[in-house]
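The values are calculated or read from the model by the stated rules, or taken from the named source; none is laboratory data. Quantities reported herein were computed from a predicted structural model and do not represent experimental measurements. Reconstructed Cβ throughout: ideal geometry from the backbone, glycine too, with neighbour counts over all protein chains shown. For the accessible areas, the whole protein counts, side chains as well, though only heavy atoms, and no ligand, DNA or RNA atoms are used. Shrake-Rupley method; radii C 1.70, N 1.55, O 1.52, S 1.80 Å.
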Amino acid sequence: MPVTYSRFRTSCVLFLGSLLIAACATAPTYNPSTFPFEFNEEKYTAAAIKTVVIPHVNLGSPSRNYLEKEAPRIDSFVSTYLKENGYRVIKQREFKQLWSAGVRAYGDPVDPTTGRVNMKSFSQIMTSIRDEMVEKFDLDAFVFTDLVELEVSFSGGLKHLARWDGVSRKPSLQGPGAGVSVDFDWNKPAAVASLQVSVFNTDLERIFFSRGGIDATEAIDTRSASGRFTRRRNLLENEDYIMEGVQLAFHPMIKMEAWPGNP
């Protein structure tokens, strides 16, 4: 049967419409909370970074105990992401062994009672580790991955979205109830977690720094009559959320295809 102009035009409209829908589905949604990263591209290029290690210690103060328990699992996602993007990742146990030797030589840089870091001993340990790993593995960079906790509110519009470090998350409920009290204060801050990434070259200069949001660490307690937040029993369990946080935290060192930082 011959194709009439009317049918041809209708087909074109449907085809263009499908393309528009597909484009809208893949286009990133602008999120003004995206972290303002720092990236020294000149030094990154000069270092020709290919071989890295992910230290098991924080660059700053230790994470909260309940987040520290999740750190090895998050680091495994980071390691996989780096490998998928062409980096060679040295096994973390190599760093741990050298770190233990450095602590014996220079003392533990973290005060266990206050969480404060003695930067002098920290630098001494890192210098000794750098020397060993450059000689043994031809190390190019250290990739520090700190799990940090922030406070935000779920007060954005009817969906009560919380936005931080490039992500948008809905609140979750915890407890026997199925709803939230009408008196619940949506401006009340809740604890959320982000992955903070700091990359140092072998001169121990920071050449990249950014953060990516992961998920809330608190949920609405449905047992409370007026409503309050309580720590979630299962933390950072959504793997899609973890990967989104990893991708956000490494952009633009590793470009994120749907990075939400462009208006």
* Look through the stretch 180-214, keep the residues that are over 13 Å from Asp165 (Cβ atoms) and of a type in the set (Val, Ile, Thr), and return whichever of them is most open to solvent (accessible area, probe 1.4 Å). => Val182
* Asked: In the stretch 151-162, is there at least one residue being under 10 Å from Ala216 (Cα atoms) and among the hydroxyl-bearing types (Ser, Thr, Tyr)?
  -> no
* **When residues of the stretch 215-252 are limited to those that are of a type in the set (A, V, I, L, M, F, W, C) and in a loop (DSSP other than H, G, I, E, B), the one modelled with the lowest pLDDT** => Ala225
* To do: Taking Val57 as the residue in question, decide whether it is open to solvent by less than 90 Å² (accessible area, probe 1.4 Å) and part of a strand (DSSP E or B).
  => no
* Structure fact -> Exactly one of Glu41, Glu70 is out of contact with any helix residue (DSSP H, G or I) (no Cβ under 7 Å at 6 or more places or on another chain) and open to solvent by 70 Å² or more (accessible area, probe 1.4 Å), and that residue is Glu41
* To do: Evaluate the stretch 192-201: report whether one residue or more is part of a loop (DSSP other than H, G, I, E, B), among the polar types (S, T, N, Q) and over 16 Å from the mean Cα position of the chain (by Cα).
  => no
* Structure fact -> Asn262 passes all but one of the listed conditions (1) under 25 Å from Thr34 (Cβ atoms); (2) of a type outside the set (Phe, Trp, Tyr); (3) in a strand (DSSP E or B); the exception is number (3)
* **In the stretch 129-179, the residues that are open to solvent by 60 Å² or more (accessible area, probe 1.4 Å), farther than 30 Å from His56 by Cβ and either charged (D, E, K, R) or assigned to a loop (DSSP other than H, G, I, E, B) (or both)** => Leu158, Lys159, Arg163, Lys170, Pro176, Ala178
* **Positions within the stretch 74-105 being touching a residue at least 40 places away in the same chain (Cβ under 8 Å) and either touching a Phe, Trp or Tyr at 6+ places or on another chain (Cβ under 9 Å) or more than 24 Å from Val117 (Cα to Cα) (or both), in sequence order** => Phe77, Val78, Tyr81, Leu82, Asn85, Ile90, Glu94, Phe95
* Asked: Looking at this structure, is Asp108 surrounded by 13 or more Cβ atoms within 10 Å (Cβ to Cβ), of a type in the set (Asp, Glu) and assigned to a helix (DSSP H, G or I)?
  -> no
